[in-house]
1. Test of understanding: among B:A474, B:A446, B:A406, which residue is within 14 Å of chain A (Cβ to nearest Cβ), surrounded by fewer than 22 Cβ atoms within 10 Å (Cβ to Cβ) and within 24 Å of B:A508 (Cβ to Cβ)?
2. Among the residues of segment B:419-435, is any assigned to a helix (DSSP H, G or I) and within 12 Å of chain A (Cβ to nearest Cβ)?
3. Taking segment B:262-311, which residues are touching a strand residue (DSSP E or B) at 6+ places or on another chain (Cβ under 6 Å) and farther than 21 Å from B:V352 by Cα?
4. Kindly provide the set of residues from segment B:340-358 that are part of a loop (DSSP other than H, G, I, E, B) and either open to solvent by 20 Å² or more (accessible area, probe 1.4 Å) or more than 10 Å from chain A (Cβ to nearest Cβ) (or both), ordered by number.
5. Can you find a residue that is farther than 21 Å from B:M472 by Cβ and either open to solvent by less than 50 Å² (accessible area, probe 1.4 Å) or touching a residue at least 40 places away in the same chain (Cβ under 8 Å) (or both) anywhere in segment B:565-578?
6. Exactly one of these conditions fails for B:E126: (1) open to solvent by less than 10 Å² (accessible area, probe 1.4 Å); (2) within 9 Å of another protein chain (Cβ to nearest Cβ). Give me its number.
7. Within segment B:56-65, is there a residue that is open to solvent by 60 Å² or more (accessible area, probe 1.4 Å), in contact (Cβ under 8 Å) with a residue 60 or more places away in the chain and assigned to a helix (DSSP H, G or I)?
8. Of everything in segment B:25-54 that's at pLDDT below 90 and either part of a helix (DSSP H, G or I) or of a type in the set (G, A, S) (or both), which residue is most open to solvent (accessible area, probe 1.4 Å)?
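The values are calculated or read from the model by the stated rules, or taken from the named source; none is laboratory data. Note that this is a predicted model, so its numbers are computed, not measured. Quick reminder, even Gly has a Cβ in these numbers, built from the backbone with ideal geometry, and neighbours come from all protein chains shown. In case anyone asks, the SASA skips ligands and DNA or RNA and just uses the protein heavy atoms, side chains included. Shrake-Rupley method; radii C 1.70, N 1.55, O 1.52, S 1.80 Å.
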Amino acid sequence: MERTVTVVPEAGLHARPAAAFVRTANEFDATVEIGRAGAAETVDARSMLSVTALGVEHGDEVRLVAEGDDAGAALDALEAVLSTPEEGEADADDGGTPPGDGDDESVSAGGEPS
Amino acid sequence: MSDELGGTSATPFSGVGTAVWYEAGVDLPEPPDPDDVDPAAERERVAATREEAREQLRTERDRTAERVGAAEAAIFEAHEGFLDDPRIADWIDDAIDDGLPAPHAVDRAYADAAAELEAAGGRTAERADDLRDLRDRLVGILLDAAAARLDDLPGGTVLLAERLSPSDTAGLDPEVVAGLATVTGGATSHAAIVARSLGIPAVVGVGEALRAVEAGATVGVDGGAGTVFVDPDDATRERLAGGDAVAVIDRAVATADGRPVEVVANVGGPGDVDRAVERGSDGVGLFRSEFLFQGRERPPDEDEQYAAYREAAAAFPDGRVVVRTLDVGGDKPLPYLDAPEERDPFLGVRGVRRSLGPDADLFETQLRALCRAAADGDGDGDRDADSDGDRDSDVGDLAVMIPMVATVEELDAALARLDSVADDLADEGVAHAVPETGVMIETPSAAFVAGALAERVSFLSVGTNDLTQYVMAASRENAGVADLNHPTHPGVVRAVARTAEAGHDAGARVAMCGEAAGDPRLAPLLVGLGIDEFSAAPPSVPRVKAAIEDVDAAAAERLAERALAAETRAEVEAVLDGDG
C-alpha cells in the first residue's frame, strides 16, 4: 500500500513533527517506509534518525509505503500527522508566549515546583 | 580592546554582563580491555540507562511546560524519539560486540548518528545537537557524572558555551543570565527557541572566534543585531544594558485614561516572592501553595504553613497575597496522599474536589494556617475580624482562592469549612481573621455560574490555561490539539467576558492569573473585557505594567466588543493586531 502526502507542519519533518510521526508509526504492526515523492529510496518510518535525515521541509511531498494487516490504518494515521499544522516553534519565532510560568495549571503533586 | 563578533540573532533582547564559560558534555575514560567487557551486562546497562533517561526527559518536559510553555516542552519528545531509534540501538549493539563498554558504545553510536544529520546540512544538521545532548545525557547517567549546574550562576552572567542543550537553557534564570552566546547552533535550534521564550538575550552560531573570549571578560550581547561585543566601550555598554530590558515600574499603574489596574505576580516556588518584589509587583495574585507540599515525606504542618503565608504577606505590606488552596491532580499523587490513579486525572478528583473529599484534613490545616496568618494583616476587606484588634500594619492582606470549582455547592461547602475553622480557632483563643475569599474560574461551569459564585466571595480569578483547555476540550498535554489551546479562540474570549460581567454585576473584583495575563499583547483586550487585576510570572510584571499604562480603557472596550463579535480565532487576532 502506498500513498503520497504533502507535509504541512511549518517545521517540516524535524523535531516535534518527526517525533510524532515516528511515535505513530510505532503504534502499528505494519512495516512502514517513508521516502521523498519521486525518489526510489525509502527508509524505516520507525527510525527518528532516518526520518530526520530525509530533511523533509514544509510543503514537500513524501511517499509512504506500508505492508501488513493494519497497513491502511497506519497510512491514515501517518497522513493525519503529516497533514496537521503544528504550533510552538513557529509561535516562538514571532515572539510567542511571554516568558515565565504565569499559568494557572494544576501542579501535579510530586512534580517540580516551578 | 573592543571586539565585535558576528553571529545569528536568537532573541531580540540585549544585555551586558560578565563572561562565564559553560562546558557541557562528559569525558570518557580509557576503555577497558575488550576481554574484560561482558556484552550481556553492558546491554543491560544500556537498557537501564535508556529508561532512566526517559524518566529524566519526561520530568524536564513537565518542568519546561510549567516554566516556559507546552510547545517548548515538546522538544524533549524529539529526544525521546532518538532514544528509541532502532538504527542507533543496532549501532550500540554492534559497538558492544566489538568489545566496547556501554558508555563508549553509546558515545560512538550517537556520534555516528550526529554525523549523519550533520552531513545532510541545513536545518537537518541543527538536529545533530539533539543527538549530542542525548549522548551527553546517556553517558552522564552511565558514568554517574553529576550534571553540570547552571542554576547557581552569579547575577549578571553572560553565558558562553560551545552549545547549550534545551534542558540547559530551560533551567536558566532570566533574572540572573544577562545574555548567552554559543559557538554553534542556529536560529531554529531548541536552545534559541527556549531562550526566546525566557526573554534571554542570545546570539548563537558565533563560530570559533567566540572561544577566544576569556571568562571574566565584560561581554555585551546585542540579540537584535546578532552581535557579541567583547569589552564594549561605554556607549555600547549603555546602549545594550538599556536595550530592550523593560524598566521595573515600581508604582501602582493605571490605564492612559486613568482606570487603576493592579498588576501582581504568580508565585510558584521559594524564590518567586523576592523576584516579584524586585520586579515591582503590587502583590501576589496566585500563590501556588503546592510547592510547600512537594518533594517531602509528609505535608507541612499548620505552623510551617502559617510562617510561609505570613512571610509572603509581609513582603507586600501595601498589597494582597492570594493563596490558592492545594490544587493537586490525580495523575502524580503526593507520596503521602492516598490518591488512586485515575483515568482522566484532569477531569478527575483534583483541586477543591480533593479538598472536600479525601484531603479534607489537609484542607482544614491549610485554612487554619491561613486564618492565623490573615490576623497579622491590616484587615482591609476581611469578611470577619477577630476581636483582638491588634493588627500589624506592616503585613499585607491574605486572601484564599479555591481552585477547580464547578458548582455553587462546592464553593458553599468550602466557605463553610473556612467559617468552621475560624470558629474552632475562636474557641481555642487563637488569634485569627477570616481572610478574603475568591474563586478560580477555570471550568466552563464556573464561568456559566460566575454570578452566583461572585455573590459569595470578594473576587473571581480567571485561570486561562485550564479554562482554555476545558472550554476547548483540548488537553494541554497533547500536541495534536495545540492549535485549539489558545485564549484567543472566540469561545474562550466569551467565557472571560461572561465571567467579568457577572463578577462585576455581583460587586466582585475580577482578576486573571492565567498565562494570558502575562502577555502584553492581550492587555488591551483584557482591560476592555473588564479584568481589574493581572497576575503574571514575576519576569513579566514590568512589561505588563508598561502595557497597561499604554492602554486607553475606552478604546479597549471598543476593541473588546469587536473581539466578542468575532467568529474565528483569526478574526480575534486581527482585532488584536488592529486590522479587524
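1. B:A406
2. Checking segment B:419-435: not a single residue is assigned to a helix (DSSP H, G or I) and within 12 Å of chain A (Cβ to nearest Cβ).
3. B:E262, B:V263, B:V264, B:A265, B:V273, B:A276, B:S281, B:D282, B:G283
4. Matches in segment B:340-358: B:P340, B:E341, B:E342, B:R343, B:D344, B:G348, B:V349, B:L356, B:G357, B:P358.
5. No: segment B:565-578 contains no residue that is farther than 21 Å from B:M472 by Cβ and either open to solvent by less than 50 Å² (accessible area, probe 1.4 Å) or touching a residue at least 40 places away in the same chain (Cβ under 8 Å) (or both).
6. (1)
7. yes
8. So the residue we want is B:D35.
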